[in-house]
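Please read the structure below before turning to the comments.
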Amino acid sequence: MIIDKLKKVNEKETVRVRNEKASDRMIGKWVKCDECKEIIYKEDLHDNLSVCPNCGKHFRLSARRRIKQIADEETFEEIGADILTKDPLNFEGYLKKVESLKEKTKIEEAVKCGTCEIEGQKVVLGVMDR
Ligand SMILES: [Zn+2]
C-alpha cells in the first residue's frame, strides 16, 4: 500500500539523519512553519513527508521530491522532457511570461511525467510542480 511505501521512505531517511554528526544538524538548513511558527530542521521536515511535525501543516513539495517519495528507488524514467512549451495561438506576451516563470522557478515544465514502479507495480505518473 502507498502509505507503507511512504512510511518506508520516512524510516530510511530518519536512520540517515540520525547517523549524521551533531554538527551537521547545527550547520544544516532550517525552515519556519508559517502556521505554528515552529523552527524545523529541514531534513526532519522531509523525513516527515513535508508535514510539520508540530501542527500538521502540509508544506509544498517539488515534483521531484514527490516522485522520490512514492516511486520505487531508481525506477522513475521521465518522458516528454524534450517537449517544450509553444504558443500556437500567439497569445500576447505568453512566451515572455513562460520564460519569466522558468527563470523564477528554475524548472522547465509545470508537470513532470514518466514511468516508474510503485511497490513493483508499473505505472505512468504525472506530478505537477509547485
Ligand atoms: Zn507547524
key: Subset of the range 51-77 (residues that are within 13 Å of the ligand (Cβ to nearest atom) and buried (at least 17 other Cβ atoms within 10 Å of the Cβ))   = Cys52, Phe59
query = Which pairs do you get when a residue that is touching a residue at least 24 places away in the same chain (Cβ under 8 Å), found in the range 78-101, comes within reach of a residue that is among the aliphatic types (A, V, I, L, M) and outside any loop (DSSP other than H, G, I, E, B), reach meaning Cβ atoms under 7 angstrom, with the pair 6+ apart or on two chains?
reply = Thr85/Val98
query = What are the residues in the range 78-109 that are of a type in the set (A, V, I, L, M), exposed (fewer than 13 other Cβ atoms within 10 Å of the Cβ) and closer than 16 Å to Arg64 by Cα, if any?
reply = Ala81
note = Subset of the range 110-130, residues loosely packed, with under 14 Cβ neighbours inside 10 Å and touching a Cys at 6+ places or on another chain (Cβ under 7 Å), comes to Gly126
inquiry  = Going by what's in this entry, would Glu74 be described as at positive phi and modelled with pLDDT of 90 or more?
reply    = yes
message = For the range 32-130, give me every one of the strands (runs of 3 or more DSSP E) that falls completely inside it and has 1 or more residues that are among the polar types (S, T, N, Q).
response = 111-118, 121-128
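The values are calculated or read from the model by the stated rules, or taken from the named source; none is laboratory data. What you see is a predicted model, and the numbers here were worked out from it, not measured in a lab. As a convention, Cβ positions derive from the backbone with ideal geometry for all residues, glycine included, and neighbour counts pool all protein chains shown.
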